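*Asks:* My questions all concern the structure below.
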Amino acid sequence: MNNLYLIRHGETEYNKRKVYYGATDCELTALGREQARAIAAAFHDIHLDLTIVSPLRRAQETADIILGKKTTLRESEPRIREMNFGIWEGKYYKDLQGDPAYEAWMADWENVRPPQGESHNDVVARVSDFYENLKQRPEKDIALICHNAVLMILLTKILE
């Protein structure tokens, strides 16, 4: 691999509301689409052999805008979807304060799972598996379009 471009999806309504969401499948806001168009302009002259995209709508919509008419290979990859916050999806942290499960998660967010969700270490495991496979890919110039937590985990892997 020569170049790996790490791209986060554009803004969503849930970003604006500052609630927990990861598995919730939502679309971009007008600003999110504008952000994607700005990235598309920056990528206008950049060659991509492959674009790997989270299956969530906000990432797919971002990819549609960025890739436009580019004829690059595109794959949807479930291992780079955002963390699932389970029953806390769409809730504000203030609404969860005092909940024993939330307090346990706050005390050990790496290992404790939100009810019906994933722990941070669950996400690290699947993203790490993806990264090990990615390093074996023959394509030279690859873009990943996904989510904040996934990108942070990937950066820790890349930078060791």
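The values are calculated or read from the model by the stated rules, or taken from the named source; none is laboratory data. Just so you know, these numbers come straight off a predicted model, no measurement behind them. All Cβ positions, glycine included, derive from the backbone under ideal geometry; neighbour counts span all protein chains shown. Calculation scope for accessible area: heavy atoms of the full protein, side chains included, ligands and nucleic acids excluded. Shrake-Rupley method; radii C 1.70, N 1.55, O 1.52, S 1.80 Å.
*Asks:* Asn84's amide H: which non-local residues (gap 5+, or another chain) put their own amide H closer than 5 Å, with H modeled 1.01 Å from N in plane and none for Pro or chain starts?
*Replies:* HN-HN under 5 Å from Asn84: Glu118.
*Asks:* Only bridges whose two residues both fall in the chain count here: according to DSSP, what percent of them are antiparallel, nearest 5?
*Replies:* Expressed as a percentage, antiparallel bridges in the chain total about 5.
*Asks:* Kindly report the accessible area of segment 71-116 per residue (heavy atoms of protein chains, probe 1.4 Å, no ligands, DNA or RNA), in Å².
*Replies:* 64 Å²
*Asks:* Quick one: which residues, 5 or more positions from Gly10 or on another chain, have an amide H under 5 Å from its amide H? H modelled 1.01 Å from N in the peptide plane, none for Pro or chain starts.
*Replies:* Here Thr62 satisfy the definition.
*Asks:* Okay, moving on. In segment 30-105, which trypsin sites (Lys or Arg not before Pro) fall in coil by DSSP and have 11 or fewer other Cβ atoms within 10 Å?
*Replies:* Here the sparse-neighbourhood loop sites are Lys69.
*Asks:* Also: Go through segment 98-128 and name the chymotrypsin sites (Phe, Trp or Tyr not before Pro) that are in a DSSP coil and have 16 or fewer other Cβ atoms within 10 Å of their Cβ.
*Replies:* Trp109
*Asks:* Compactness ratio of segment 1-120: Cα Rg over 2.2 N^0.38 Å, N = residue count?
*Replies:* 1.23
*Asks:* For the chain, give the percent of accessible area contributed by carbon and sulfur heavy atoms, probe 1.4 Å, rounded to a whole number.
*Replies:* Of all accessible area on the chain, carbon and sulfur atoms account for 51 percent.
*Asks:* Could you work out how far apart the two model spin labels at Ile87 and Lys70 are, taking each label as a point 7 Å from the Cα in the direction of the beta carbon, and quote it in nm?
*Replies:* About 4.2 nm, to one decimal.
*Asks:* Moving to a separate point now. To the nearest Å, what is the center-to-center distance of segment 35-79 and segment 109-151, using C-alpha atoms only?
*Replies:* Value for the Cα centre distance between the two parts: 18 Å.
*Asks:* Moving on to the next point. With a cap of 16 neighbouring Cβ atoms within 10 Å, and only residues DSSP puts in a loop, list the GluC sites (Glu not before Pro) found in segment 69-118.
*Replies:* Glu110
*Asks:* Roughly how many nanometres apart are two label points built 7 Å out from the Cα toward the Cβ at Asp122 and Leu31?
*Replies:* Those two pseudo-labels are separated by 3.0 nm.
*Asks:* Under 5 Å between amide H atoms, partner at least 5 residues away or on a different chain: which partners does Val19 have, H built in plane at 1.01 Å?
*Replies:* none
*Asks:* Now, a different point. Which lysines have a Cα lying under 17 Å from the Cα of Lys70, excluding residues fewer than 8 positions away in the same chain?
*Replies:* Reachable lysines: Lys140.
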